[in-house]
There are 4 protein chains.
Amino acid sequence: MPAKLSFNAYGKSKVRLTKVTRHGKRHDLTELSVDVQLAGDFADSYLTGDNSNVVATDSMKNTVYVLAKSHPVDSPESFAIHVAKHFTSTYKQVEQATITVEQTRWGRIKVGGKPHTHAFVGCGNEKHVSTVTHDRAGSKLLVTGGVADLLVLKTTGSEFRGYVRDEYTTLPETKDRIFATSIDATWTLGDADADFNNCYDLIRTALLETFADHHSLAVQQTLYAMAEAALDACPEVESIRLGMPNKHRLLVDLKPFGLQNQNEIFVPTDEPHGNIIGYVERDRRDTSKRKGSGKRAGRRR
Amino acid sequence: MPAKLSFNAYGKSKVRLTKVTRHGKRHDLTELSVDVQLAGDFADSYLTGDNSNVVATDSMKNTVYVLAKSHPVDSPESFAIHVAKHFTSTYKQVEQATITVEQTRWGRIKVGGKPHTHAFVGCGNEKHVSTVTHDRAGSKLLVTGGVADLLVLKTTGSEFRGYVRDEYTTLPETKDRIFATSIDATWTLGDADADFNNCYDLIRTALLETFADHHSLAVQQTLYAMAEAALDACPEVESIRLGMPNKHRLLVDLKPFGLQNQNEIFVPTDEPHGNIIGYVERDRRDTSKRKGSGKRAGRRR
Amino acid sequence: MPAKLSFNAYGKSKVRLTKVTRHGKRHDLTELSVDVQLAGDFADSYLTGDNSNVVATDSMKNTVYVLAKSHPVDSPESFAIHVAKHFTSTYKQVEQATITVEQTRWGRIKVGGKPHTHAFVGCGNEKHVSTVTHDRAGSKLLVTGGVADLLVLKTTGSEFRGYVRDEYTTLPETKDRIFATSIDATWTLGDADADFNNCYDLIRTALLETFADHHSLAVQQTLYAMAEAALDACPEVESIRLGMPNKHRLLVDLKPFGLQNQNEIFVPTDEPHGNIIGYVERDRRDTSKRKGSGKRAGRRR
Amino acid sequence: MPAKLSFNAYGKSKVRLTKVTRHGKRHDLTELSVDVQLAGDFADSYLTGDNSNVVATDSMKNTVYVLAKSHPVDSPESFAIHVAKHFTSTYKQVEQATITVEQTRWGRIKVGGKPHTHAFVGCGNEKHVSTVTHDRAGSKLLVTGGVADLLVLKTTGSEFRGYVRDEYTTLPETKDRIFATSIDATWTLGDADADFNNCYDLIRTALLETFADHHSLAVQQTLYAMAEAALDACPEVESIRLGMPNKHRLLVDLKPFGLQNQNEIFVPTDEPHGNIIGYVERDRRDTSKRKGSGKRAGRRR
């Protein structure tokens, strides 16, 4: 036979879930989208159509709802861990379970200035995400947290100069431009019992504050400063990946109309966009967490 | 000739715009998307390809940027009025200009609890919108304000009973369900000099607070109460249209798994969705604006 | 009371449906999305929460499936007529039913050059759409057919010159540009028993062929020629609306790199885009359908 | 310092491009979206804001246009190779260039049955994609081709039985269901001088024909048969990855309405969806390419 199956996996994606938890009149609201992916002893289904090891993806969906009912859903991370361990411990043919949970954020509507007990308003595109991989062998557990689609923009405090100038270069250097991006962060958590929501809040604040205050010589430099601040803010985090597209605001040329555009009028564009990626990890040679130490602090204003 | 041109219009859509206004170190940020549509004496372009009356859509785009530079952009409504009047007053062939402006909302990043001078974070999908139509003849001006994509959800305080039961009915009646919708509101403003942003804030608050507090016997009933509250809140508004899709959260049947689902676990669905629409206008027979008067108040808790 | 309900309507949107019709081994596949909207005696639901006249939107969904099972689904138009009449004839409180049906197109996979009996491949974004409004009073029936999202592009045969040049104009005139658009057509059908699919095919062909062959002096002019050709092609059509966004392909300036760009390299852009609209109706003063007569033909090459 | 940069990369995404190639009156049309990503000696930009090694992403965009002008754009694969090698050979700081090219498909409009010389109609969502990675060290070149978003559906010839039944299972077994998916295929090409478009056509045909003819006991099994057929069809391909979401069509329960639904009426759903993945490689122990040999052929009807 000329072919062989070198890897396979399958699962259910976009299992959406609303959980309401009641504390008397005060209700908590959690909305998640869950992806389940299993790898293991499933080759027969591919090779011969023998499904005897196959857990139907419809059953995975049922499982997510049963587990959400019978177990607290406190954070994407903790629920993903619970679901992952369920699959590896329930089915001996499952060698690895990968669970991704994406939480949509809701805030309480304020009525007369007071947060409402059971009415909520959407908090936008920002999502709290987690991916957990559990390997049956050795019970290896990999937990990541993250934030996706966190949109930020600063109107000044961003330069871009000193880059390669050659025959392909037309971009003028600038000491003052708009810097807009959609932060996509994923961090690895060393401790599977961390306070995941607290980590999320600390890192989110560190990312936002550093973005705001850092005087940027390049998107790359600000990305690194933000990653460093996130590691500083949350000791449970071992490493962080930041992806920051450069969502360009292009200065409109108003000279044809006899006007000076002094960084006032821009065109927001979606494409093409720059795409800056960095992985930053805690340096184990020196794990002191001196807040605000080093070069980064010096670059703050 | 067997055909005639019975109506025509043309324009430019999605002219996106960022405006930065500086007050010393403190910057204001405004982001808009502008649509321009003109009707008038343009038939020759359709019938013979004679473009001598045609204002190129590229020039419309330029015009939007020039006007944004040379004029304050205080609200979608005021900018739409300015752009509409520009086209009807500049080109005699333009009989009607319709300008739609959609504002994306940004909030200031807080650093150490204080709003930042020049760094912003996205406020989600919610948009402040306005459509202005200016007719050259008689200088008739129609101004609407609006909010789009304002996502809300309440976990209780919503019933649905007493509807038609016939052979097509399978939905069980309920005294307690989740009520989730994406509010789409458009209001007509009688006064072209109103404080449009203040109207927006007042109406937005009225919509949110009424959604939260109203005990709902039907989406229709809550929609009407919200519309009434909006008219109460802002005297400049003559009428309001509310569109509220019913973004169903379906109760998961957990009985097959030996579990009782006491309004805890739901599936959020996007389709199909209910779609409830109402137009409510100020009753001119009695224009007293008795806050909280009448039936609606009685239904509040 | 300060407010009154001036209009209301409600319904169910995005009721998606797959119908398989078997002719021995050969299967036909139809996929639709149906929107139902009802107007009538529903004010009590808004004003007092009395739902006794309300047909639940869940029951509308059920109805669509029951009608799809018990009745042929030959075309979007014929099914929309059937569903609309069902609602006005079944419920006396329904004064007007508006049904929109959008059909996704599938083609048969060819195996060894022969169309397969039961395997299909998606035909892209193009949709066959219909909106039917049935008024109970007088049994007034309004039927439209249409095509949406039909993407076309021609690499030459398109000029744009002679338009207004003033202080807002920077666009250079051109005798040769790319013309790309997404055709959105809606036509009114005088006869509720027309062969709707045949109309669709005839109009679609007329639109495509005219777009291809017409030498364009303006998008407006080509739009009119296409509309005229559609009326010529299908006598049952009384009028047609065409919406044709100008999906610009911008010539890349390669001079900074010492290269001449002779209409070879362009940037496709989504925004901003021109937006050209025309309504063309059959001229009742002269209903002869002289194919290819008049100015349009002369403009063909 | 508590942190270190463990990996970095940056680039430009969604550089969209239209190329028109003229052969007398007959024009060819190519539309691409190009992503450029570079890794190499860029850490200083992250660590200190020193951009002296940074090729601006704006210059990457310019480069794509210059290369598209000065070099044939015959296939996504060949253009991606050309762009990748340009970056690694032009800039010594670039250690690895990864280029992804996605081609939108256009077909010629037929006028009077004949393909037009310069007018085109969109072919839907399906895309021809390629990712090329070029490592400067050792000039290692990895070339993949692929097809994305190829939507297919069969109305019968698909079973799903014999899977795990436990307390989480509610799905009934079936000998006849609809099988719908959106094929996402990526193949590795051993030869950087292969006829890439021919490979694409051969593989696309093999995927479609096998999907149509294979009697499916599981999505997994059909996926494997399709992968095997692709390897059979194109000797230059070394391995293939198939991702096939199970885009469920759910049988509508019509019993409450006194009707039997004999696999006629279904609800198409987008979420949740199954997600089946397989990697299949040519087995080097037996590289004979016996067309139609082995188990797969036996399973064909």
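The values are calculated or read from the model by the stated rules, or taken from the named source; none is laboratory data. In this text the structure is predicted, and so the values were computed from the model without any measurement. Cβ atoms come from the backbone with ideal geometry, glycine included; neighbour counts cover every protein chain shown. Accessible surface areas use protein heavy atoms only, side chains included; no ligands, DNA or RNA. Shrake-Rupley method; radii C 1.70, N 1.55, O 1.52, S 1.80 Å.
At a glance:
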read-out: Meets criteria (in contact (Cβ under 8 Å) with a residue 60 or more places away in the chain and buried (at least 21 other Cβ atoms within 10 Å of the Cβ)) for C:VAL34; value: yes
read-out: Enumeration of residues in the range C:68-108 that are of a type in the set (D, E, K, R) and open to solvent by 30 Å² or more (accessible area, probe 1.4 Å); value: C:LYS69, C:ASP74, C:LYS85, C:LYS92, C:GLU95, C:GLU102, C:ARG105, C:ARG108
read-out: The range D:93-119, residues that are touching a residue at least 40 places away in the same chain (Cβ under 8 Å) and over 23 Å from the mean Cα position of the chain (by Cα); value: D:GLN93, D:VAL94, D:GLU95, D:THR117, D:HIS118
read-out: Hits in the range B:168-187 - residues which are farther than 19 Å from A:VAL121 by Cβ, buried (at least 19 other Cβ atoms within 10 Å of the Cβ) and within 13 Å of the chain's Cα centre (by Cα); value: B:TRP187
read-out: Test: residue in the range D:183-206 that is part of a strand (DSSP E or B), touching a helix residue (DSSP H, G or I) at 6+ places or on another chain (Cβ under 8 Å) and polar (S, T, N, Q); value: no
read-out: Flag if C:ARG165 is under 30 Å from B:SER59 (Cα atoms), surrounded by fewer than 19 Cβ atoms within 10 Å (Cβ to Cβ) and out of contact with any Asp or Glu (no Cβ under 7 Å at 6 or more places or on another chain); value: yes
read-out: Conditions (1) modelled with pLDDT under 95; (2) not in a strand (DSSP E or B): number failed by C:ASN125; value: (2)
read-out: The lone exception for B:ARG136 - which of (1) farther than 21 Å from B:VAL267 by Cα; (2) open to solvent by less than 20 Å² (accessible area, probe 1.4 Å); (3) in contact with an Asp or Glu (Cβ under 7 Å, 6 or more places away or on another chain) it fails; value: (2)
read-out: Residues within the range B:195-209 that are surrounded by 19 or more Cβ atoms within 10 Å (Cβ to Cβ) and in contact (Cβ under 8 Å) with a residue 60 or more places away in the chain, tallied; value: 3
read-out: Matching residues in the range B:209-234 - criterion: being more than 8 Å from chain C (Cβ to nearest Cβ) and not in a helix (DSSP H, G or I); value: B:HIS214, B:HIS215, B:CYS234
read-out: Any hit, the range A:101-109, residues being more than 8 Å from chain B (Cβ to nearest Cβ), of a type in the set (Val, Ile, Thr) and farther than 30 Å from B:LEU207 by Cα; value: yes
read-out: Top-ranked residue in the range C:120-139 [being in contact (Cβ under 8 Å) with a residue 60 or more places away in the chain and under 22 Å from the mean Cα position of the chain (by Cα); ranked as farthest from C:SER78 (Cα to Cα)]; value: C:HIS128
read-out: Single residue of A:ARG165, A:ARG161, A:ARG204 found to be of a type in the set (Lys, Arg) and within 30 Å of A:ALA97 (Cβ to Cβ); value: A:ARG204
read-out: Where a residue in the range D:1-30 is more than 22 Å from C:GLU271 (Cβ to Cβ) and within 7 Å of another protein chain (Cβ to nearest Cβ) and its partner, wherever it lies, is outside any strand (DSSP E or B) and among the aromatic types (Phe, Trp, Tyr), with Cβ under 9 Å and at least six apart; value: D:ALA3/A:TYR224; D:LEU5/A:TYR224; D:LEU5/D:TYR46; D:ASN8/A:TYR224; D:ASN8/D:PHE42; D:ASN8/D:TYR46; D:ALA9/D:PHE42; D:TYR10/D:PHE42
read-out: In the range B:111-133, the residues that are facing chain A (nearest Cβ under 8 Å) and surrounded by fewer than 19 Cβ atoms within 10 Å (Cβ to Cβ); value: B:VAL111, B:GLY112, B:CYS123, B:ASN125
read-out: Options D:VAL55, D:VAL66: the member that is farther than 19 Å from C:PHE266 by Cβ and at pLDDT 95 or above; value: D:VAL55
read-out: Which numbered condition D:LEU142 misses (of (1) open to solvent by 10 Å² or more (accessible area, probe 1.4 Å); (2) farther than 20 Å from A:ALA9 by Cβ; (3) without any contact (Cβ under 8 Å) to a residue 12 or more places away in the chain; (4) among the aliphatic types (A, V, I, L, M)); value: (3)
read-out: Whichever residue in the range B:247-268 is farther than 18 Å from A:HIS27 by Cα and crowded, with 16+ Cβ neighbours inside 10 Å and, among such residues, is farthest from the other protein chains (Cβ to nearest Cβ); value: B:LYS247
read-out: Some residue of the range C:170-186 being charged (D, E, K, R), under 30 Å from D:ASP201 (Cβ atoms) and within 14 Å of chain D (Cβ to nearest Cβ); value: no
read-out: Residue match in the range D:226-244 (condition: at pLDDT 95 or above, farther than 28 Å from C:HIS23 by Cα and polar (S, T, N, Q)); value: yes
read-out: Test: A:LYS61 is modelled with pLDDT of 95 or more and surrounded by fewer than 18 Cβ atoms within 10 Å (Cβ to Cβ); value: no
read-out: Meets criteria (in contact with an Asp or Glu (Cβ under 7 Å, 6 or more places away or on another chain) and closer than 30 Å to C:ASP41 by Cβ) for C:THR63; value: no
read-out: Criterion violated by D:THR156 - all others in (1) away from chain A (no Cβ under 14 Å); (2) open to solvent by less than 20 Å² (accessible area, probe 1.4 Å) satisfied; value: (2)
